[in-house]
Amino acid sequence: MSASSDGRIERRFARLKNEGRAGLITFTMMGDPDIETSFDILKGLPAAGADLIEIGSPFTDPMADGPVIQVAGQRALKAGISLKKTLELVRRFRALDQDTPLVLMGYYNPIYVYGVPRFIKDALEAGLDGLIVVDLPPEEDEELCLPAIEAGLRFIRLATPTTDDRRLPAVLAHTTGFVYYVSITGITGAKGAAVSAISDAIARLRRHTKLPLAVGFGIKTPEDAASVARSADAAVVGSALVSAIAGSLDGSGKATVKTAPAVHDLVRRLAAGVRAARKEVVR
Amino acid sequence: MNTAINSYRSGPDERGHFGIYGGRFVAETLMPLILDLEQAWAKARTDKSFRDELDYWLEFYVGRPSPLYHAERLTRHLGGAKIYFKRDELNHTGAHKINNCMGQILLAKRMGKTRIIAETGAGQHGVATATVCALMGLPCVVYMGAVDIERQKPNVFRMKLLGAEVVPVTSGSRTLKDAMNEALRDWVSNVESTYYLIGTVAGPHPYPAMVREFQSVIGRETREQIMKAEGRLPDSLVACVGGGSNAIGLFHPFLDEPNIKIYGVEAAGHGIETGQHAASLTAGSPGVLHGNRTYLLQDSDGQVIEAHSISAGLDYPGIGPEHAWLNDTKRVSYVPITDKEALEAFKLCARLEGILPALEPAHALAHVVKLAPTLPKDHLLVMNMCGRGDKDIFTVADALGVGM
């Protein structure tokens, strides 16, 4: 792969390593509950303590998502978001923040219909750093993964409890940036995995890769995030933040003055949990 | 070699592609399961004991072979081609769906799975799945869109009588595509125990190829039966296409017969021009949904658009990937038929042949009504009567403005 090994994602994980702590990765859906509010949420995330940011790009048929993120996607689509408009939000974010890595998470069809070469070019120009595409396993690497890596985007792969040692090398072969470990066999927003199971999985993954390891699915509270942050390089929180958005809306589903602060407050608490995690262990 | 196709029957390739269509577009959690399934299927399909077991159940439980029936009154009425119906509506449970369910339930048992899940639109596949689960003593969960539950109440009750749990799906458009999403979510959450019994020639590889093989019994029997009746192969084949399993079942054994014209009939709903239809080949474009690349009804942002058809079984915004490929290679001609045309054909068939067709094959029949009069009397036309219409009488009554 010709991709440079020093992008925003690598620099950010290097910094976290220097600071001796794990990172917090947040997920919110672009366009939820409306395009401008989702941008207000996005631009406040670094100050609230997000180390890396996953931005969701909605799809009508999100087969790996639980009800919370499904409904967020429907709100976003109703608000008129598109992949093109999502990239515009990325561009606006980059004008304010040149350091925080942005990773787009979504499903393949909107990218396929946008046109893969054009999407890669536009995404890089907008300042996007990486992609997580739920329905592109290694068996379909030629579709997007290989050309994206070639162009300089990171392609972050999901590893799951069903990804056994036999299969793991294939999954990791073309993974760049970091590895996203899905801690449960299930959908987003489901009940979390036991801490011991996560640390065992992290240990297993570390035998196969030197890439940073992020853990997600089922992490809802600062305590959950802290327990993951003891062994992983980053904790990913999505559904809990999306629920905070949902809980702040008015009766007709519109944003209120509480919407962005609700997300940022939770991010601050999650970040505090993550940052304290390893200090507690030392103590 | 690059331009000429030697055989239309050799696909998919080892990665599940029919041309650019098909593939395995699923979450990583499911990928190891799909590879397991592929292996188990590869082993079973060449195992004589599996074949023998399936043949036993198809003969004594499903009631195969289904007759190839000369529809004489319809033939005379239309005044052209000699029309045969392949009577798959006479199968146990009233449709072709059970051919596939019987095969997959035997495979699930071989794989040691202890729980079966399925999606259903009209409820025919749900009923067939619930039936084979009852037969084999396996628990069964059927996902069904809340909208479809409302319009297919008799089938919902049948599934419950058979011991299945019917889960209403209230996400998205609350129809078949959302039921499939929900079944996939269940599968991701219950990987160890659960077998996902997909009802059509769609989904990730190996489903399209596997379901095709189970349904090809339709075409294989037709071949033998028409040789016996007429001493030669048919001149044309007609079948309706939603996901496309009954159609591929009839077509596949004949794809390499260059002189046979093949027609797949899509649901044009209120008319292609209204935008309210389910004709993904006529009016859609290539996209990726439910584990495979195929033609989809979608907007310019790649968001999937809701389909519409009077027939719940055709009300799906995609189509099996092999049909997408057969469309592009022009081996099969895909034509649209509206709700109204299908209803007319439904009524005609009831009066002339004493058969209430399901609304799905009523679409195929509506194309036969157009086609047959243009053809000579010695032209042999076979249409797949893939389901019976008992389940549809409430929908038909409603459409005809009759109170029941």
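The values are calculated or read from the model by the stated rules, or taken from the named source; none is laboratory data. These numbers come from a predicted model, not from an experiment. All Cβ positions, glycine included, derive from the backbone under ideal geometry; neighbour counts span all protein chains shown. To get the accessible areas, we keep the full protein, side chains included, count just its heavy atoms, and leave off ligands, DNA and RNA. Shrake-Rupley method; radii C 1.70, N 1.55, O 1.52, S 1.80 Å.
So what is the 222 nm mean residue ellipticity for chain B from helices alone, if each DSSP H run of at least 4 adds -39500 (n - 2.57) and you divide by all residues, rounding to the nearest 500 deg cm²/dmol?
So the calculated ellipticity at 222 nm is -12000 deg cm²/dmol.
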If the convex hull is drawn through the Cα atoms of the range B:193-322, its volume per residue in Å³:
129
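Given +1 on the Cβ of Lys and Arg, -1 on the Cβ of Asp and Glu, and no further charges, what dipole in debye does the range A:214-265 carry about its Cα centre, rounded to the nearest 20?
Result for the range A:214-265 is approximately 120 debye, rounded to the nearest 20.
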For A:MET29, what residues show an amide H to amide H distance below 5 Å, using hydrogens built from the backbone and excluding near sequence neighbours?
A:GLY56
When the Karplus curve 6.51 cos²θ - 1.76 cosθ + 1.60 is applied with θ = phi - 60°, which whole-Hz ³J(HN,Hα) does each residue of the range B:131-141 get, with x for Gly and Pro?
5, 5, 5, 4, 4, 9, x, 10, x, 9, 10
So if I take the centroid of the Cα atoms in the range A:242-272 and the same for the range B:241-292, what is the distance between those two points in Å?
45
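By accessible area of protein heavy atoms, probe 1.4 Å, what ranking do B:LEU106, B:LEU90 get, highest first?
Ranked from most to least accessible, the order is B:LEU90, B:LEU106.
Give me a single rounded figure for A:166-174: the average over its residues of other chain Cβ atoms within 10 Å of their Cβ.
Values: counts 2, 4, 0, 0, 1, 3, 0, 0, 0.
Taking the mean over all residues of the peptide, I get 1.
Cα-Cα over 21 Å: which of B:LYS97/B:LYS177; B:LYS261/B:LYS340; B:LYS261/B:LYS370; B:LYS86/B:LYS228?
Working: B:LYS97/B:LYS177 18 Å; B:LYS261/B:LYS340 25 Å; B:LYS261/B:LYS370 15 Å; B:LYS86/B:LYS228 14 Å.
Over 21 Å apart, Cα to Cα: B:LYS261/B:LYS340.
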Separation between Cα centres of the range B:343-382 and the range A:177-194, rounded to whole Å
52
Please list the equivalent ellipsoid semi-axes of the protein assembly as shown, computed as the square roots of five times the alpha-carbon gyration tensor eigenvalues, in descending order and whole angstrom.
48, 25, 23
With a 1.4 Å probe and all protein chains left in place, how much accessible area per residue does the protein assembly as shown have, in Å²?
36
Provide, for the range A:8-275, the number of lysine pairs with alpha carbons under 19 Å apart, each pair being eight or more places apart or on different chains.
8
What ranking, highest mean first, results for peptides B:298-309, A:141-152 when packing means the other Cβ atoms within 10 Å averaged over each residue?
B:298-309, A:141-152
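Express as a percent, rounded to the nearest 5, the fraction of DSSP beta bridges in chain B (both residues included) that run antiparallel. Please report the intermediate quantities before stating the final value.
On the way: 15 of 47 bridges.
For chain B, the DSSP antiparallel bridge percentage is about 30.
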Exercise: per-residue mean of other protein chain Cβ atoms within 10 Å, A:86-94:
0
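To the nearest 20 debye, what charge dipole does chain B have about its Cα centre, counting +1 at the Cβ of each Lys and Arg and -1 at the Cβ of each Asp and Glu?
Working: 41 positive and 45 negative charges, 176 e Å.
Result for chain B is approximately 840 debye, rounded to the nearest 20.
Determine the relative contact order of chain B: mean sequence separation of Cα pairs under 8 Å and six or more apart, normalised by residue count, in whole percent. Walk me through the numbers on the way to the answer.
Values: 868 pairs, mean separation 82.4, N = 404.
Relative contact order, chain B: 20 percent.
Would the range A:8-275 count as rounded, prolate or oblate if I go by the C-alpha gyration tensor, calling it rounded below 1.5 in a/c and otherwise prolate when a/b exceeds b/c, oblate otherwise?
Details: a/c = 1.42, a/b = 1.14, b/c = 1.25.
Rounded, because the longest to shortest axis ratio a/c is under 1.5.
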For the protein assembly as shown, what proportion of DSSP beta bridges, expressed in % and rounded to the nearest 5, is antiparallel?
20
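If contacts are Cα pairs under 8 angstrom and at least 6 residues apart, what is the relative contact order of chain A in percent?
Across chain A, relative contact order equals 24 percent.
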Which of the lysines could be linked to B:LYS43 by a straight reach, that is with a Cα gap under 17 Å, when you skip same-chain ones fewer than 8 residues away?
B:LYS109, B:LYS113
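How would you rank B:28-38, B:68-78, highest first, on the average number of other Cβ atoms within 10 Å across their residues?
Working: B:28-38: 21.1, B:68-78: 17.3.
Ranked by mean Cβ neighbours within 10 Å, highest first: B:28-38, B:68-78.
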Collect residues whose amide H, placed 1.01 Å from N in the peptide plane, falls under 5 Å from the amide H of B:ILE262; neighbours closer than 5 in sequence don't count.
B:LEU237, B:SER333
Report the one residue of B:HIS252, B:TRP325, B:LEU33 whose Cα lies farthest in the direction of the positive end of the charge dipole of the protein assembly as shown (charges on C-beta: Lys and Arg +1, Asp and Glu -1; origin at the Cα centre).
B:LEU33
Considering only protein heavy atoms and a probe of 1.4 Å, how much of the accessible area of the protein assembly as shown is carbon and sulfur, as a whole percent?
53
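Rounding to the nearest 20 debye, state how big the charge dipole of the range B:278-404 is about its Cα centre with +1 on each Lys and Arg Cβ and -1 on each Asp and Glu Cβ. Before the final figure, lay out each step's value.
Numbers: 10 positive and 15 negative charges, 90 e Å.
Charge dipole, the range B:278-404, about its Cα centre: 440 debye, nearest 20.
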Along the range A:243-252, what does the Karplus equation 6.51 cos²θ - 1.76 cosθ + 1.60 (θ = phi - 60°) give for ³J(HN,Hα), rounded to whole Hz, x for Gly and Pro?
5, 5, 4, 4, x, 9, 7, 7, x, 9
Using alpha carbons only, how many angstrom separate the centre of the range A:81-138 from the centre of the range B:28-88?
45
Take peptides B:211-218, A:118-125 and line them up by average Cβ neighbours within 10 Å, highest first, as a rough protection proxy.
B:211-218, A:118-125
For B:LEU289, other-chain or 5+-apart residues with amide H closer than 5 Å (H placed, Pro excluded) are B:THR294
Give me the accessible area buried between chains B and A, both sides summed, with a 1.4 Å probe, in Å² rounded to the nearest 100.
3000
Which ³J(HN,Hα) values, rounded to whole Hz and listed in residue order, are derived for the range B:276-281 from phi using the Karplus coefficients 6.51, -1.76 and 1.60 in 6.51 cos²θ - 1.76 cosθ + 1.60 with θ = phi - 60°, glycine and proline given as x?
9, 7, 10, 8, 5, 7
Surface/4 estimate of mean projected area, convex hull on alpha-carbon atoms of chain B, nm²:
19.0
Partner chain Cβ atoms within 10 Å, averaged over the residues of A:60-73 - can you pull that number for me?
6
